[in-house]
Amino acid sequence: MTETRLPEIVLFDTLSGTKRTLEPLVPGRCGVYCCGPTVYGLTHLGNARAALVPDVMVRFLRHQGYDVRYVRNVTDIDDKIIARAAEEQLAPAELARKYADEYHRDMDDLGMLRPDVEPAVSGHLEPIIALIGSLVAKQLAYAADGDVYYRVRAFGPYGQLSKRSLDEMLEGAGSRIEVDPRKESPLDFALWKAAKPGEPAWDSPWGPGRPGWHIECSAMSSAHLGETFDIHTGGRDLIFPHHENEIAQSQGAHGPGTFARYWVHNGFINFDGEKMSKSLGNFFTTREITALYDPETVRCFLLTVHYRSGLNFELEAACPRCDRVLARAEQESGACAGCGAVTEPELLRAQVRFPGLEEADDRLAYVYTTLQRAGAFLDQGAPAAEPGPVLEHTAGMLVAFIAHMRNDFNTSGALGALSKPLAEINGLLDSGKGVDKGARRRTVERFVADFAEVARILGCFGADPGTWLARRRDLKAARVGLDTAKVEELVAARQAARLSRDFATADRLRAELAGLGVAVQDGPSGSVWTFA
């Protein structure tokens with residue numbers, strides 16, 4: 001039996017620093033491990049991007065015929081969880097369950113695939129302890145008063161992922177490394193932490209305690225994907241020390257050449273030039289954003305830039321008194337340099353605009369409007385009777401889209417490949433002049449069918465167009481403070497005027513609606529409104 005050859009896909013591998021052709025350990029199968037959330041608070045867009053990159057990767061690999069096993073962990077034992085649990089007066093395990101549920105809710109809203117396996121640290125203490133024991137036995141780790149540390153200088157390739165020498169790491173760390181006389185080297189990192197009063201603890205050969213952060217992923221990935229697997233993903237901030245330490249632990253225990261064969265890292269989301277993070281406090285939660293914009297708009301926004309590039313998350317806040325756009329320093333202080341008004345930060349936060357999201361929202365609305373028009377056109381007649389040629393840009397759309405995706409999952413280029421086909425279809429729907437009816441029908445049919453493939457790969461453009469556009473309209477109305485009840489009243493009055501053939505009144509009401517930024521579309525079933 002002849003083996004089916006799957007399409008060639010290249011991806012950028014952080015370890016080698018080059019693009020490499022994907023050659024899975026087992027042909028036709030692909031194991032993907034994603035560093036998941038530490039569940040101690042609500043997610044922000046940086047967390048969402050780190051989940052979206054493997055989500056689209058897995059979708060595309062499956063579309064191309066690969067059998068993918070997707071593993072994304074949950075860190076439910078951690079210093080940050082313990083600290084937040086004390087603040088919220090909850091047991092650490094209860095707090096972790098609470099925010100794991102919130103994480104799932106946010107990711108579901110954004111259309112993320114659930115992983116095939118979602119291991120939690122609390123369910124993997126046995127393999128974690130066994131892995132630490134193996135490192136101790138090989139003298140790659142040592143115990144010190146109930147703690148266990150990895151002996152960094154005993155692992156020769158340390159620094160291969162981050163491209164830094166040990167001396168550079170020591171120099172760069174400076175005062176950030178806590179001085180501990182029990183450690184052989186300041187770079188040695190904790191595999192096991194001895195129990196402290198009031199903190200959760202588990203028994204181990206070194207005494208009661210809990211695992212360090214880095215050892216968790218080494219143990220969980222090998223438990224569910226094997227000692228060697230194909231792709232490991234995560235944010236660039238995890239390259240050092242987290243992923244560097246994972247390599248040291250896993251290869252130290254299982255030997256050279258084991259563990260992840262490809263390393264894929266996404267760029268940061270920058271908030272006015274700074275990395276968006278919980279620790280910096282310069283983030284909006286995913287839920288704050290999706291209360292203002294449809295979750296699919298957020299997803300589309302994140303896909304507009306190649307995953308390895310930084311993505312700038314811009315915002316504008318206007319003074320409530322003079323409507324002047326405030327500079328960053330004014331936003332932080334709440335004081336307008338123009339009129340002197342001082343506004344509470346939380347009020348300003350509730351009134352911000354996000355230009356990038358608004359652009360993505362408009363783009364999505366254009367796509368869904370096109371799909372709605374195409375669907376209405378196809379509903380009017382019978383399917384094309386015979387196969388035949390379709391117009392150029394629509395004919396090449398899916399091929400071009402997939403070519404970009406095969407080249408390091410380039411969603412930015414893939415989205416760009418949709419522009420000319422969208423314009424071509426709208427031109428056909430507007431007039432179709434010079435195109436015979438058969439070619440016109442076949443082209444629209446092909447566009448709708450191929451766009452469904454695009455939707456399955458990106459997780460965008462797959463909703464019912466009318467439903468999505470209505471939801472988007474209502475969210476936008478709420479953002480800009482439009483009185484929708486008044487708009488509905490004017491639309492109804494205009495419809496009544498048209499039915500009574502009072503066209504002067506109908507025109508006056510249309511102009512009044514236009515003054516509110518509203519456009520009216522008349523159809524056989526009545527009039528509907530949208531934003532101009």
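Any read-out appearing in this document is the output of simple, stated calculations on the displayed coordinates, not a laboratory observation. Given the structure is predicted, the values throughout are model-derived calculations rather than measurements. Neighbour counts are summed over all protein chains in view; Cβ atoms, including those assigned to glycine, are modelled from backbone coordinates with ideal geometry.
See the values below:
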| item | result |
| --- | --- |
| Gyration tensor (alpha-carbon) shape descriptor, region 391-504, a/c threshold 1.5 | oblate |
| Proxy reagent accessibility, fewest Cβ within 10 Å first, across Y262, Y366 | Y366, Y262 |
| Cα centre as origin, Lys/Arg/Asp/Glu Cβ charges: the chain dipole, Debye | 1080 debye |
| Rounded tilt (10° steps) of 503-515 against the dominant C-alpha axis of the chain | 20 degrees |
| S165/S309 FRET efficiency (R0 25 Å; Cβ-Cβ; nearest 0.05) | 0.35 |
| Environment charge of M405, counting only residues whose C-beta is closer than 15 Å and scoring Lys/Arg +1, Asp/Glu -1 | +1 |
| Residue order, fewest to most surrounding Cβ atoms within 10 angstrom, among H254, H306 | H254, H306 |
| Shape call, region 1-49: gyration tensor on alpha carbons, a/c limit 1.5 | prolate |
| Cysteines in the chain lacking a second Cys C-beta under 4.7 Å | C30, C34, C35, C217, C300, C460 |
| Shape of region 30-150, Cα gyration tensor, a/c cut at 1.5 | oblate |
| Charge dipole magnitude, Cβ of K and R +1, D and E -1 - region 153-240, Cα centre, debye nearest 20 | 120 debye |
| Helix 92-109 vs. the chain, principal-axis angle (Cα, 0 to 90°, nearest 10) | 30 degrees |
| Charge context of L422, other residues only, Cβ under 14 angstrom, K/R +1, D/E -1 | -1 |
| Local electrostatic count, Y70, Cβ distance below 14 Å [Lys/Arg +1, Asp/Glu -1] | +1 |
| Acute angle (nearest 10 degrees) that the helix 419-430 long axis makes with the longest principal axis of the chain, alpha-carbon atoms | 20 degrees |
